[in-house]
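Okay, structure first, notes after.
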Amino acid sequence: MFEPTSYHGVAFNEVPDSKNQIHGHAVAAQFGFEGGLVPGVTVSAYLAHPAVTAWGLDYVTRGAARMVVEKPVYDGHPFSVEVTKDGEHGYDAVLADLSGSIRARGRCWLPNELPVAPRRRGDRFIAADFERPLGTPQTMHRLQHSGMGALRVRWSESSELTTYFRDSELMPTPLKIEGGRHAHLGFVLGLTNWALDSNVQINPWLHLQTDSQCFHAIGWGTELIVEAAIVELFEKKGHHFCDVQVSAFRSHDDVAVMHTRLRAIYQLRGA
């Protein structure tokens, strides 16, 4: 097994026209950003890139991660990811821009033993004609008690976030077409975004932090069922935050493929 190593890259915003308009230049500028933000899940994938490069399919099958996005990352901007070994199969990582300013931090590791995998609750599915309520604090508190709808997502050519580099040839072998094209961590963590955004209208909003555990690699063409539950809501400095637990299961056999806890600002100060 290879050792994870530091590397340099160029950030890529694959979704400038996302429903979350913080990824577009116009809305991002209204909140004081230099341009559209590269998705937090893509930034997390950059932090996990050394793990997939070194540990291969092992990492997308059973890897764990804790990712924190501290500052925005912009499309086309060079960055570095510096890794520091932590244990036999783990490392800490920081992502910095050319000036040395740290934009995100993470820890990736392969657990000696997997935790108990979640089981499907059988949440109701979101109907095709469902009209999402505005993501106000009142709505979020109601959903915390009444529950959220489940959704179906397929890892395929029509998915968002199929790559985290503009040149897909730079992806690690298990994530390339010839390597099996398994789902990368950006897509896996993106499921948390889509679960939240499919239940409420929130725009713009910020993905901040995730604690995640993979249980099975997600092969190309796999359909997933995603269930979510709001576990905490709070306000800080005028921003409204939510913590959401999200689990994904293969639709054909209900086997869990991942479990994640997301922290997001669902309502920005002044929005």
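Brief remarks on what is shown
- Qualifying positions in the range 162-187 - assigned to a loop (DSSP other than H, G, I, E, B), modelled with pLDDT of 95 or more and small (Gly, Ala, Ser): Ala183
- Every condition in (1) over 20 Å from Asn203 (Cβ atoms); (2) crowded, with 23+ Cβ neighbours inside 10 Å; (3) among the β-branched types (Val, Ile, Thr) is met by Thr61 except one, and the failing one is (2).
- Arg103 being modelled with pLDDT of 95 or more and either under 11 Å from Leu47 (Cβ atoms) or hydroxyl-bearing (Ser, Thr, Tyr) (or both): yes
- Output for the range 193-214, where each listed residue is assigned to a strand (DSSP E or B) and under 23 Å from Gly238 (Cα atoms): Gln201, Leu206, His207, Leu208, Gln209, Thr210
- Within the range 174-185, considering residues that are free of Cβ contacts under 8 Å to residues at least 60 places away in the same chain and within 12 Å of Val52 (Cβ to Cβ), the one surrounded by the most Cβ atoms within 10 Å (Cβ to Cβ): Lys176
- Considering the conditions (1) of a type in the set (Gly, Ala, Ser); (2) in a loop (DSSP other than H, G, I, E, B); (3) free of Cβ contacts under 8 Å to residues at least 60 places away in the same chain, Ala26 is excluded by exactly one of them, (2).
- Annotation: of all residues in the range 105-158 being aromatic (Phe, Trp, Tyr) and in contact with a helix residue (DSSP H, G or I) (Cβ under 9 Å, 6 or more places away or on another chain), the one that is nearest to Pro4 (Cα to Cα) is Trp109.
- Residues that are within 21 Å of Phe215 (Cα to Cα) and touching a residue at least 12 places away in the same chain (Cβ under 8 Å) number at least 1 in the following strands (runs of 3 or more DSSP E) confined to the range 29-120: 64-69, 90-97, 102-109.
- Qualifying residue in the range 215-226 (condition: surrounded by 15 or more Cβ atoms within 10 Å (Cβ to Cβ), assigned to a helix (DSSP H, G or I) and touching a residue at least 24 places away in the same chain (Cβ under 8 Å)): no
- Yes/no for Met171 being without any contact (Cβ under 8 Å) to a residue 40 or more places away in the chain, surrounded by 18 or more Cβ atoms within 10 Å (Cβ to Cβ) and over 14 Å from the mean Cα position of the chain (by Cα): yes
- In the range 10-49, the qualifying residues are those that are of a type in the set (Gly, Ala, Ser) and closer than 20 Å to His182 by Cβ, and the one that is surrounded by the most Cβ atoms within 10 Å (Cβ to Cβ) is Ser44.
- Residues of the range 227-250 that are of a type in the set (Asp, Glu), surrounded by fewer than 20 Cβ atoms within 10 Å (Cβ to Cβ) and touching a residue at least 40 places away in the same chain (Cβ under 8 Å): Glu235 alone.
- Identity of the residue in the range 251-271, in a loop (DSSP other than H, G, I, E, B) and at pLDDT 95 or above, that ends up surrounded by the most Cβ atoms within 10 Å (Cβ to Cβ): Ser251
- Condition met for Arg142 (charged (D, E, K, R) and within 22 Å of Ala264 (Cα to Cα)): yes
- All conditions but one from (1) in contact with a helix residue (DSSP H, G or I) (Cβ under 8 Å, 6 or more places away or on another chain); (2) within 19 Å of Arg250 (Cα to Cα); (3) surrounded by fewer than 21 Cβ atoms within 10 Å (Cβ to Cβ) apply to Asn193; the one that does not is (3).
The values are calculated or read from the model by the stated rules, or taken from the named source; none is laboratory data. Since this is a predicted model, take the numbers as computed values, not measurements. FYI the Cβ positions are ideal-geometry reconstructions off the backbone, even for glycines, and counts take in every protein chain you see.
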